[in-house]
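This report concerns only the one structure given below.
Quick note: the coordinates plus some simple rules give every number you see, no bench work behind them. Everything quoted here is computed from the prediction, not taken from an experiment. Glycine gets a Cβ as well: all are built from the backbone with ideal geometry, and neighbour counts include every protein chain shown.
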């Protein structure tokens, strides 16, 4: 991820200039389609765990005050367990769809990422999403290995993830 702005300070003068992106080709190395710009997005930590811990404490101490305390406690606990330094997530079902294969279970995919030596957590926003510090190439390699073990039953045309297989 690349910041949209750079701060340049010379003496007492501060100026904001456009950020420069990483050198990439015109097409995506994973899918073969053209790159598209997205954003802006928030790239700093998404939550303050001190605040999240305080909310969890309030939910525990005042359980009777919340009609949906169990659901709220589960949601806030899920938020607390997320990697704070990873603002984006990968949705496993979308990755599997791109390759025209069945979606691996979260446990199988998470185990593969952890065994590759990376941190991983789930996202509170989507049940089949993971947040990780693993590079995209590692995630797609894991998905390619899954596709070899669970090939598509029927391929009728060239599909989006064909380049990945």
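Cα centroids of region 36-82 and region 106-126: how far apart, whole angstrom?
19
Go through (1) 1.32; (2) 1.02; (3) 1.07 and flag the label whose value is the computed Cα Rg over 2.2 N^0.38 Å for this structure.
(1)
Taking only DSSP H segments of four or more residues, each worth -39500 (n - 2.57), what value at 222 nm results for the chain once the sum is divided by all its residues, to the nearest 500 deg cm²/dmol?
Numbers: 5 runs with 57 residues, N = 165.
One gets -10500 deg cm²/dmol as the mean residue ellipticity at 222 nm.
How would you order 32-39, 96-103, 107-114 from highest to lowest mean count of nearby Cβ atoms within 10 Å?
Result, highest mean Cβ count within 10 Å first: 96-103, 107-114, 32-39.
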